[in-house]
Amino acid sequence: MPLIRKGICVPQINSIKLTRYPGFDLVRLLLALEVVVAHGWPVIDPTVGWPGFIMAVPAFLAVSGFLLLKSYATSGSWVIFTKKRALRIFPALVTSFVLGFLLFDRTFVEASFIMWISGGLYDFPGLANAPVWSLAWEELAYLCLALLWTVGAYKKPIFIWALLAVSSALSAYVVHSGLSPLTQILSFLAPAFFVGNLTYIYSLILLKLGNILPWLFFIGICWWGTSSPPVLQAFATVWAGMAGRQVLPVRIPDISYGIYIYHMPVLLYLTVVCGVTSAVTLITLMIATLIPLCLASWYLIEKPFLRLK
């Protein structure tokens, strides 16, 4: 039976393996690698505009909708939850600013900082670590979850269903109005987050469906591509992540965040400063640089800070 804790139906999963949801390690890694390819390919060949298999930023926020609700439900207080999130986000973020300063200059750091705090709404001229724009919306999601929890919205899933319906309707209006691509992406974030919330709330039911069907569904959505409904993309991502199967034979370090936050400074340095124009050379150098950089960040910076939780 599920546990009732602080007004929410918290799934009681006795297995440590299932509680970890190891599928999220692989899902987030795949999303991060997709972002690297989607950003790197057009730099070498401007005629290419590959959007990816699924929209990565909404998918990341859907994963957060699941894991953040799980974290909040088990933290016991807003203070503990905030501390956990700060220790996960800020050490690598600050390191990315330092990396940008070392590879470029103070202007790059300033542009990246503004890109982050503005959520991408202000485009600072010049080079910047553009992907950090999404972190502002991730942090806003933390606040929204806390507010919804405080007003008791998670006591009855019908409220989250209603928020999903309203946010999806607004997103559909934005898309059909032909607004800017950034505005459209932003409109997908709230529905994706609520999909993650609901997937956590109903995780016990979904786990009964096994761990093969979720991955088949995820692969099918990836095959369909970014033209598939954003809500289905969000659900497919989270369902595969929480399915319970450890697809890889060994546990991989959680370097997806590092890949996401460090790849742009490395990419810009290789192409703008070093003048790399060959796709093969760029891919080789990106792999040779990012893997040790992200592993070093995980073991020397991110993981030690996480121990302070």
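Please treat every number below as a calculation from the coordinates, not as lab data. It should be emphasised that the depicted structure is a prediction, and the values quoted were computed from it without experimental measurement. When we count neighbours, we look across all protein chains shown, and the Cβ atoms used for this are built from the backbone with ideal geometry, even at glycine.
Quick notes on this structure:
- Positive contributions from Lys and Arg (+1) and negative ones from Asp and Glu (-1), summed over other residues with Cβ under 14 Å from the Cβ of V132, come out at -4.
- Here the 3J(HN,Hα) profile of the stretch 83-99, calculated from phi with Karplus coefficients 6.51, -1.76 and 1.60 at θ = phi - 60°, is 4, 4, 5, 5, 5, 7, 8, 6, x, 6, 4, 4, 4, 5, 5, 4, 4 Hz, Gly and Pro shown as x.
- Tail fraction, Cα-Cα pairs, the stretch 3-306, threshold 31 Å, whole percent: 29
- Highest-fluctuation residue, L69, L135, L143 considered, GNM on the chain with Cα pairs under 10 Å: L143
- Computed P(r) (all Cα pairs; the stretch 209-309; 5 Å bins; percent): 2, 11, 14, 12, 15, 18, 17, 9, 2, 0, 0
- The share of Cα pairs per 10 Å bin across the stretch 137-260, counted from zero up to the longest distance, runs 11, 35, 38, 15, 1 percent.
- Extension reserve of the Y202-R307 stretch, reckoned as 0.36 nm per residue once the Cα distance is removed: 34.8 nm
- Of the cross-linked pairs K83/K208; K70/K156; K83/K303; K155/K303; K84/K303, those separated by over 23 Å at the C-alpha level are K83/K208; K155/K303.
- For the stretch 27-43, backbone phi angles converted through the Karplus equation (6.51, -1.76, 1.60; θ = phi - 60°) give residue-by-residue couplings of 4, 5, 5, 4, 5, 5, 5, 4, 4, 4, 5, 5, 7, x, 4, x, 5 Hz, Gly and Pro being listed as x.
- Computed from the alpha carbon positions, the gyration tensor of the stretch 33-91 leads to an equivalent ellipsoid with semi-axes of 34, 13, 6 Å, biggest first.
- Rg(Cα)/(2.2 N^0.38 Å) for the stretch 16-155, N = residue count: 1.19
- For the stretch 165-232, the direction-averaged projected area of the alpha-carbon convex hull comes to 5.0 nm².
- Percent of C-alpha pairs per 5 Å bin, the stretch 257-309, short to long: 4, 20, 26, 19, 13, 8, 5, 3, 1
- Per-residue HN-Hα couplings for the stretch 271-288 [Karplus 6.51, -1.76, 1.60; θ = phi - 60°; Hz; x = Gly/Pro]: 8, 8, 7, 7, x, 5, 10, 8, 4, 5, 5, 5, 4, 4, 5, 5, 5, 5
- The chain: relative contact order in percent, alpha carbon pairs under 8 Å with at least 6 residues between: 32
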